[in-house]
Structures are given as C-alpha cells and as structure tokens.
1. Under 19 Å from a point 7 Å along the Cα-to-Cβ line of Thr126: which residues of the stretch 220-237 have their amide N that close?
2. What lysines sit close enough to Lys104 to cross-link, taking a C-alpha to C-alpha distance under 25 Å and skipping anything fewer than 8 places away on the same chain?
3. Cα centroids of the stretch 152-230 and the stretch 59-105: how far apart, whole angstrom?
4. Order of Met109, Met58 from fewest to most other C-beta atoms within 10 Å?
5. How would you rank Val95, Val229, going from fewest to most other Cβ atoms within 10 Å of each one's own Cβ?
6. Explain nothing, just compute: Karplus ³J(HN,Hα) = 6.51 cos²θ - 1.76 cosθ + 1.60, θ = phi - 60°, for every residue of the stretch 122-127 in order, whole Hz, x for Gly and Pro.
7. Which distance in nm do the two modelled labels at Asn190 and Glu228 give, with both placed 7 Å along the Cα-to-Cβ direction?
8. Would you order Ser88, Ser51 from fewest to most other beta-carbon atoms within 10 Å of each residue's own beta-carbon?
Amino acid sequence: MILSLTACGSSNTGTAVPNESNEEQAESSPEPVQEETVKTVSWEAGETYDSLLKNDYMPAAIRIWFTITNTGTTNIKLNRGKVTFDDSINDYLEVPDETDLTGKPSILMPGETGLYSGSYRCSFDTPEEYSFTVDTDIQETDEEAQRFTVSDLNISDYEGYDGVIEAAGTISEIPSDSHGFINVEILLYNSNNQLIGNISKIITEGFESGEVEFSATTGLHLHVTSQEVDHYIAYAYAEEQ
C-alpha cells in the first residue's frame, strides 16, 4: 500500500517566486512511503487416503496420499515427509525403513494445492489391518515456482485395465533453456470436491521445441473410472537433474 503524504504550508501574502516556492515544497514534502506486505505462512492438509493394493500384476503395496493447500501469502516448500506404521506391519513391509512421503509440486504458491504421496511394498503376505501416522516438513521459501502450460487434457478409461484412468495432453511455453526433467502432476476430484486420485509423469526428453505431448495413467491403485472425475488440477513444472 502506498501512502501519499502532503505537507501543509502557511499562507504567504508576499510576492510569489515560483521557482523558489517549488523547490521549497519539494524539499519539505516527504517521499511516498511504501508499506511492506506482511508474509504469512499457513497451509491446510486435506483428508488422508490409503489403499492396500493386491492383484496379480505386481507385489502388494500400501499407498498413502493427501493434499496440502497453501493458505498463506508466500511460497512454501513441501520437503520430504514421513510415514510411521504401527509395529505389527513392519514384518510385512519389504523395506520397513523407507517410508518417505514426496510432495508434488515441491514448491506451492499461495492458493495452490499440492499432494503428498508414498507407496510401500509388502514383502510377502499382506496385513488385514494396519494403522499409521504422517509427519510433514513444510517451510517458507523464497524459491520461485516455475509453471508450464497444460492444455488439451483428455481423461479417459485406460483400455484393457478396469479402474485405471489415462490422461493425455500437451505441455507448452517451455523455455528454450530448460533442462533436467519436466514433472506432470494431475489431481483428480469428484463432484463433491473429494480427491479420488492422481496421475504423475516425468518427461526427460523431447521438449526442446518448447512443446511436448504426453500421456500417463493412474496405475492400479485407484479402481475408479473416468466418469467419476468431475474436475482436476494439472501442473507441469521443471525439476533439475
């Protein structure tokens, strides 16, 4: 906010001297004062979802995911989080110590919603019941959140696999000096604004022209159809190698 302050001068009954008067007024008038915007750091965690995946195509796994919405006025960084399972499940996990949660996009601007997620394979049989807690590491950051344009996005059922959704679209406005990876993250919501899943994709080549087409699927953990998707949030952003 800019506050304009005007000095009040006394009346002058003498002969006016424009140049001298203007100089005196310029010297007596203070410079405009710009009020600094106070940065607030806050976020809101959505409902935590989990799914125990058992099928004939891949090892059994427990998948956990939940949203984070930046409700503050400055960028925040989603550092790696942690899942702690109850002791009874440790015998089932393939790698009990590897229970990290990954935040995507790693940097959220005010008003944006991102996702924490993790997948944990089981070594042999799968548990009937389990419990867990999650812990996140979210901090204010001065890092910028680069975004590319996602357009022509089409969401459909993936042919040949029930309950798997495919997303196909185009990423554009990619700077010519971009390098490393381009991450695509799509959050899928139903008509009640509930998160029903996500689609992730890492693109490592083919975007030198500033535009690239992509397709990606939800995998086998959701068991939902494209008709259940009412709306979505789509991100495309750079990640350095």
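1. Taking a point 7 Å out along Cα→Cβ of Thr126, the residues of the stretch 220-237 whose backbone N falls under 19 Å are 220-225.
2. List returned: Lys39, Lys77, Lys82, Lys201.
3. When both Cα centres are located, 21 Å separates them.
4. Ascending number of Cβ neighbours within 10 Å: Met58, Met109.
5. Arranged by neighbour count, lowest to highest, Val95, Val229 become Val95, Val229.
6. 9, 7, 8, 5, 10, x
7. 0.6
8. Listed from fewest to most nearby Cβ atoms, that is Ser88, Ser51.
No lab work stands behind these numbers, since they all come straight from the coordinates. Remember, it's a predicted structure, so these values are computed and weren't measured experimentally. Cβ: placed from backbone, ideal geometry, glycine included. Neighbour counts: every protein chain shown.
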